[in-house]
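K.L.:
Take this structure, written in structure tokens, and hold onto it; I'll ask about it next.
The values are calculated or read from the model by the stated rules, or taken from the named source; none is laboratory data. Because the structure is predicted, anything quoted here is derived from the model rather than measured. FYI the Cβ positions are ideal-geometry reconstructions off the backbone, even for glycines, and counts take in every protein chain you see.
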């Protein structure tokens, strides 16, 4: 891997760029219906910012319902169709950020240069992204997670929360995707249900 694809050797000595998600803010998460929406993937290594050695868990959210939809359904679709069975098995959760505010490393925009990274963190190999997640998790700043551009709609911001942020999350509600108003989302992505 190229040097910019993995954290630099002096990463712990560098000040990290920090973006705040203030208490009272709302995040969105697509989750399996019937399961707790606040879920941290401890021991999993399939997703982009999962811990490569299974030490900490990650909960994947978005700043918008569109981002949550894109993260879940656009990576699985074939052509312009979304499987209605999948819509019936998943729900959109609304989560509120409680005090204290969430402090996150921005892995997009100017945050990439400040971290010493490139957009490969979010669009390159999963193993490199997991190394970045581990380095950010273990950094002395003890951040709550990572902000990143959603791969299938890079206008959307994803939020990968480390499990230490769990006390700052409150589940407000969940609604099956098939019961939400999907007209705007389908129009945005030119999808047929």
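K.L.:
If a residue has to be in contact (Cβ under 8 Å) with a residue 24 or more places away in the chain, in a loop (DSSP other than H, G, I, E, B) and either over 20 Å from residue 148 (Cβ atoms) or in contact with a helix residue (DSSP H, G or I) (Cβ under 6 Å, 6 or more places away or on another chain) (or both) to count, how many in the stretch 2-35 make the cut?
P.N.:
Adding up the residues that qualify gives 6.
K.L.:
Can residue 80 be described as in contact (Cβ under 8 Å) with a residue 60 or more places away in the chain, farther than 21 Å from residue 168 by Cα and touching a strand residue (DSSP E or B) at 6+ places or on another chain (Cβ under 6 Å)?
P.N.:
yes
K.L.:
On to the next question. Have a look at 145, 116, 88 and point out the one that is on the phi > 0 side of the Ramachandran plot and over 18 Å from the mean Cα position of the chain (by Cα).
P.N.:
116
K.L.:
Give the number of residues within the stretch 89-121 that are in contact (Cβ under 8 Å) with a residue 60 or more places away in the chain, surrounded by fewer than 22 Cβ atoms within 10 Å (Cβ to Cβ) and closer than 30 Å to residue 9 by Cα.
P.N.:
Matching residues across the stretch 89-121 total 9.
K.L.:
Kindly indicate which of 23, 64, 41 is within 17 Å of residue 169 (Cα to Cα) and modelled with pLDDT under 95.
P.N.:
41
K.L.:
Does residue 86 satisfy the criteria of being under 30 Å from residue 193 (Cα atoms), surrounded by 13 or more Cβ atoms within 10 Å (Cβ to Cβ), out of contact with any helix residue (DSSP H, G or I) (no Cβ under 8 Å at 6 or more places or on another chain) and modelled with pLDDT under 95?
P.N.:
Spelling it out, it is not the case that residue 86 is under 30 Å from residue 193 (Cα atoms), surrounded by 13 or more Cβ atoms within 10 Å (Cβ to Cβ), out of contact with any helix residue (DSSP H, G or I) (no Cβ under 8 Å at 6 or more places or on another chain) and modelled with pLDDT under 95.
K.L.:
Continuing with this model, one more query. So, in the stretch 52-81, exactly how many residues are closer than 16 Å to residue 166 by Cα and part of a loop (DSSP other than H, G, I, E, B)?
P.N.:
Going through the stretch 52-81 one residue at a time, the tally reaches 3.
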